[in-house]
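Only the coordinates and a few stated rules stand behind these numbers; no lab work does. Please read all numbers here as calculations on a predicted model, not as lab measurements. With ideal geometry, Cβ positions are generated from the backbone for all residues, glycine too; neighbour counts draw on all protein chains shown.
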Amino acid sequence: MVFAKTLTGWYLKNRRELPWRESSDPYRIWLSEIMLQQTRIAQGLPYYLKFINAFPTVFDLARASEENVLKLWQGLGYYSRARNLHFTAKHVAFELNGKFPNTYKELLKLKGVGDYTASAIASICYNENVAVVDGNVYRVLARFFDIDTPINSSQGIKEFKGLAEELLDKEDPGTYNQAIMEFGALQCTPQLPKCESCPLSHACLALKNNKVHQLPVKLKKAKVVKRYFNYLVYRSNENTTIIEQRVGKGIWEGLYQFPLIETPRLLTTGELIAHAEFKSLIDIKRTPVSLYNETPVVHKLSHQHIYTRFWIIEKVGKHPNHIPVAKIQDYPVPVLIANFLKEFDFGD
DNA sequence: AAGTCGGGGTA
DNA sequence: TACCCAGACTT
């Protein structure tokens, strides 16, 4: 209890003023929580403001097209969040009359809402006694109690959830949950935690045992995979080009890109031109093709590195999938493509 | 239980 | 570089 009161006391003095903290509207809390999954507040904040401006209510979001939602989400990453957000908005608007579920158990059934988000909404909006466990909470608890159970093991997940429930301030769970997260984000930071000014330092076991810098423990994840993308950038004499939507599973599902040939390694120009997939699309004898960037653009995701080359295809005449070059900005595209579009001049 | 899914910030 | 971020979902 002293633990909880210390944190809420610290929070009331040190908390940042954030737009979703001015409200307990479940729509706004839900939207902010989805956006902030695995995302820093500084990165998510402008997106939150864009979404609230474009979709002030869950009905506005429900009526939007998925493409429009993805376009506004462009650059934020983890695009399944945007698709699930839209699905759940339609569910809440059209099947629940615009009313969000008001218990942890029911919130958990919503697509895109897991244990953390259901706990956050239930405690913040409805004062339900459920504890959030996010990356901040793992770090604060692992350090304060000197727990070296890996936070991403099944045992660790159960252990930290149980401890978080015990520590929860049952009088004001919403404020407490936000307090411990804010404390992790600002005070008990991953690197260079501010132990000198910490209100919990007198009882922190990791500090006492000189283990602050080695907690929390995390199982190491699979190593990064390398992939090689060759994008075909068509440029017709009518200022049109070709883009395609990524379908099926994998990265950037639902986003648009230029026609892509993925190869198992970085190919020389001669090798790519001789590649069967390339030859099936382009008659090199009749169509001028030029390599845009000899040095591949390396696009780094958390779990794969994508080595990318762009090929400019001077194509005359029309094609069924052609769109005017200026229309590309209406489509959601990966940051990799957006960066190319920023520097490439179609000549329009 | 392990893999997959983005992009950006920090040291 | 390596790690992390108001995690959820699939295999």
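General remarks:
- Calculation over all alpha carbon pairs of the stretch A:2-71 in 5 angstrom steps from 0 returns a P(r) of 3, 14, 21, 22, 17, 10, 5, 4, 3, 1 percent.
- Selected from A:Gln245, A:Gln329, A:Gln257 as most flexible by GNM, with chain A as the system and alpha-carbon contacts under 10 Å: A:Gln329
- Think of the stretch A:26-131 as a dipole: +1 on every Lys or Arg Cβ, -1 on every Asp or Glu Cβ, centred on the Cα centre; then among A:Phe59, A:Ala82, A:Thr103, A:Ala82 lies furthest on the positive end.
- Placing +1 on each Lys and Arg Cβ and -1 on each Asp and Glu Cβ, with no other charges, gives chain A a dipole about its Cα centre of roughly 680 debye.
- Between helix A:26-35 and chain A there is an angle of about 60 degrees, using the helix long axis and the longest principal axis of the Cα atoms.
- Candidates A:Leu186, A:Leu215, A:Leu301, ranked by Gaussian network fluctuation over chain A, Cα under 10 Å, top entry: A:Leu301
- Over chain A, the ratio between the Cα radius of gyration and 2.2 N^0.38 Å evaluates to 1.21.
- Nearest-20 debye value, the stretch A:225-343 charge dipole, Cβ charges on Lys, Arg, Asp, Glu: 140 debye
- Dimensionless Rg/Rh of the stretch A:47-113 - Kirkwood Rh, Rg from C-alpha atoms: 0.96
- Among A:Ala142, A:Ala203, A:Ala185: highest mean-square fluctuation, GNM of chain A, C-alpha pairs under 10 Å: A:Ala203
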